[in-house]
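Novice: Following this message is one structure expressed as structure tokens.
The values are calculated or read from the model by the stated rules, or taken from the named source; none is laboratory data. Keep in mind that what you see is a predicted model, and the values were worked out from it rather than measured. Glycine also receives a Cβ, built like all others from the backbone with ideal geometry; neighbour counts cover every protein chain displayed.
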């Protein structure tokens, strides 16, 4: 019987065309699959919890893979992978799960952060977005709180995607200051393609005084991508957490 495992890892997305294998550029999935297949000397197939766009980072991503046998006992696969992989991908742990567990479809929630700095910082150019505007974060938080009252987020989705529904349940959405950064945290059961970047871009219009909270709500109700603001750059976005039910994990 096959053994299924979840692998937990992080990556800096600057050098990659996102998580998913692409015909026109290197992806995190391709690099990690090659590393695992080389070390284990068998062809590994990795299925991720979702896909991140080019330039987006992940403080925590999860994927699953299958083996015919248990993990090797003559070496530590996590240590071996971290030695083999480039410096912008790091493995945290590998855990056994039930054969039916799915990294994407069994996720209970996902959490993203978007990072903004308001003054020039040469050390965060690839890790946050610099904005010189004066922003009303209190007003932006009142607008963000409205997101929890809606389900259909077509206005914040890329068009012509393969999603069967544009409904999402957002349970948390808030801006907070962390040192020199402003960080927007949003958690939901699922996200549409480009959704977080479009939400942030539209909230910035609220913060600049170009859109009222009522107009922000009207954007959501319009269910039209053309009604929302411009998507913010990818390099300020991070996938930071994915939650799964305890029943998936096999205790060692």
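Novice: Quick one: in segment 212-242, of everything that is surrounded by 20 or more Cβ atoms within 10 Å (Cβ to Cβ) and under 16 Å from residue 139 (Cβ atoms), which residue is nearest to the chain's Cα centre (by Cα)?
Specialist: So the residue we want is 229.
Novice: Check whether at least one residue in segment 185-198 is part of a strand (DSSP E or B), crowded, with 21+ Cβ neighbours inside 10 Å and not assigned by TED's automatic domain parsing to the domain that holds residue 64, and report yes or no. So that I can check it myself, show each step before the final result.
Specialist: First, pick out the residues of segment 185-198 that are part of a strand (DSSP E or B): 185-188.
Now drop any that are not crowded, with 21+ Cβ neighbours inside 10 Å, which leaves 186, 188.
Those left that are additionally not assigned by TED's automatic domain parsing to the domain that holds residue 64: 186, 188.
Within segment 185-198, one or more residues are part of a strand (DSSP E or B), crowded, with 21+ Cβ neighbours inside 10 Å and not assigned by TED's automatic domain parsing to the domain that holds residue 64.
Novice: Right, another one. Can you find a residue in segment 154-176 that is free of Cβ contacts under 8 Å to residues at least 12 places away in the same chain, part of a strand (DSSP E or B) and surrounded by fewer than 16 Cβ atoms within 10 Å (Cβ to Cβ)? Lay out the reasoning, then the answer.
Specialist: First, pick out the residues of segment 154-176 that are free of Cβ contacts under 8 Å to residues at least 12 places away in the same chain: 160, 162, 164-165, 176.
Now narrow it down to the ones that are part of a strand (DSSP E or B): 176.
If we keep only those that are surrounded by fewer than 16 Cβ atoms within 10 Å (Cβ to Cβ) too, we end up with 176.
So far as segment 154-176 goes, yes, one or more of its residues are free of Cβ contacts under 8 Å to residues at least 12 places away in the same chain, part of a strand (DSSP E or B) and surrounded by fewer than 16 Cβ atoms within 10 Å (Cβ to Cβ).
Novice: Also, quick follow-up: Of the conditions (1) more than 23 Å from residue 128 (Cβ to Cβ); (2) crowded, with 20+ Cβ neighbours inside 10 Å, residue 206 satisfies every one except a single condition; which number is it?
Specialist: (1)
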